[in-house]
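The values are calculated or read from the model by the stated rules, or taken from the named source; none is laboratory data. The shown structure was predicted, so the numbers you read here are calculated from the model rather than taken from an experiment. Heads up, the Cβs are rebuilt from the backbone with ideal geometry, glycines too, and the neighbour counts pull from every protein chain shown.
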Ligand code: NAD
């Protein structure tokens, strides 16, 4: 059966980078990988067409799809809209609609780009970490929450950090499954010395580990994890953590690589349906100029093949093509340094298609 992929180009550089990812996927399609692509608007593009950032037309296509490939949303022309109509709301709405609870953020630094990092090249060259962040629970969603005046007449703000056993089990399974596809090392990040919620998290992760005897499980307090990511990031393979710790650690890890145009991401639901998108935004400053780096989006398409379609060979092939093009010295403006060959967004696509 054909893999049914919803394609949401979005705003700003979205259409330019998605076009290059589609060219790469078309190579595989021509060779016999059965895929269909259905385009739909999201974000500002959808607001312009349908008056809503996640219109029914798009909902319908995304619900029927096996996976969703997204460019980026947002732009200054939408910043004055009522909040529920802003492009970013479309993003929140689609994540909720598809029940995407597992956020996968790889931090990969190709050796050729080691100078782009603010850390010493020997600390980060060849870095390859996957951070698995729980996306729909934790203190961000726990009830009760709010602001109030307490019985002593003092104003206070409060939130509830809470995880249920099924929530921890399902994200632990995602992380262990990913570790099995990679280096078979998983580090669970918690603050079990202070927070009962995360002591409970740790207990459940240890229990799930019994189903994965091949995976080496370790545990680390979040404050130490934040330090270790800077001190010696290559000690990590897969990290799994809750929503708030993951929010912070995944951004920290992404900056180890120093190049936002290279960072892919995925968000999965229980049936491995996923939304795949670059970690960066719609870059309005360079939109329409054929300057954007399409690699984050192309690597997101590779993640789609690996995590939603279990096609490791096709995913690796795309990643190897990217490596080859970087090794040959081709760079878009954001990762350019002297002595390399500067190319446009579409020329980078040409090179990656040729390297396939
Ligand atoms: P941004 O990531 O769009 O841009 C930050 C800087 O990085 C800019 O200088 C941009 O030119 C550069 N950049 C980003 N992606 C690049 C690429 N592929 N190639 C080369 N350079 C790249 O973040 P921002 O400027 O804070 O936000 C711009 C818009 O994007 C806003 O409307 C914001 O709300 C939206 N946004 C969307 C998403 C998303 O769709 N997931 C994420 C973040 C921001």
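Could you pull out the residue among 257, 241 that is more than 8 Å from the ligand (Cβ to nearest atom) and over 22 Å from residue 177 (Cα atoms)?
257
Could you check region 84-99 and list, in sequence order, the residues that are part of a loop (DSSP other than H, G, I, E, B) and within 10 Å of the ligand (Cβ to nearest atom)?
Matches in region 84-99: 86 only.
Residues to consider are 260, 286; find the one that is more than 23 Å from residue 36 (Cβ to Cβ) and in the same structural domain as residue 197 (by TED's automatic domain parsing).
Of 260, 286, the one residue that is more than 23 Å from residue 36 (Cβ to Cβ) and in the same structural domain as residue 197 (by TED's automatic domain parsing) is 260.
In region 316-345, which residues are within 16 Å of the ligand (Cβ to nearest atom), outside any helix (DSSP H, G or I) and out of contact with any strand residue (DSSP E or B) (no Cβ under 8 Å at 6 or more places or on another chain)?
344
What about residue 74, is it at pLDDT 95 or above, on the phi > 0 side of the Ramachandran plot and more than 8 Å from the ligand (Cβ to nearest atom)?
no
Could you run through region 1-39 and say how many residues are over 20 Å from the mean Cα position of the chain (by Cα) and in a loop (DSSP other than H, G, I, E, B)?
Of the residues in region 1-39, 6 are over 20 Å from the mean Cα position of the chain (by Cα) and in a loop (DSSP other than H, G, I, E, B).
Please find, within region 43-59, the residue that is surrounded by the fewest Cβ atoms within 10 Å (Cβ to Cβ) out of those that are part of a helix (DSSP H, G or I) and away from the ligand (no atom under 16 Å from the Cβ).
56
Please name all residue pairs, on different chains or six or more residues apart, with Cβ atoms under 6 Å, provided the first residue is in region 277-296 and is under 30 Å from residue 102 (Cβ atoms) and at pLDDT below 95 and the second residue is more than 6 Å from the ligand (Cβ to nearest atom) and assigned to a strand (DSSP E or B).
279/265
Pull out all pairs, ordered by first then second residue, where Cβ-Cβ is under 6 Å, the residues are six or more apart or on different chains, the first lies in region 60-83 and is in a helix (DSSP H, G or I), and the second is modelled with pLDDT of 95 or more and away from the ligand (no atom under 12 Å from the Cβ).
61/6; 61/38; 61/40; 62/6; 62/68
Considering each residue of region 290-310, count those that are at positive phi and within 16 Å of the ligand (Cβ to nearest atom), and give that number.
1
If the requirement is being farther than 17 Å from residue 265 by Cα and more than 14 Å from the ligand (Cβ to nearest atom), which of these qualifies: 287, 313?
313
Residue check: is residue 89 under 30 Å from residue 173 (Cα atoms) and in contact with a strand residue (DSSP E or B) (Cβ under 7 Å, 6 or more places away or on another chain)?
No, not satisfied.
Could you tell me how many of the residues in region 305-356 are within 17 Å of residue 289 (Cβ to Cβ) and either in contact (Cβ under 8 Å) with a residue 60 or more places away in the chain or in contact with a helix residue (DSSP H, G or I) (Cβ under 6 Å, 6 or more places away or on another chain) (or both)?
Number satisfying all stated conditions: 7.
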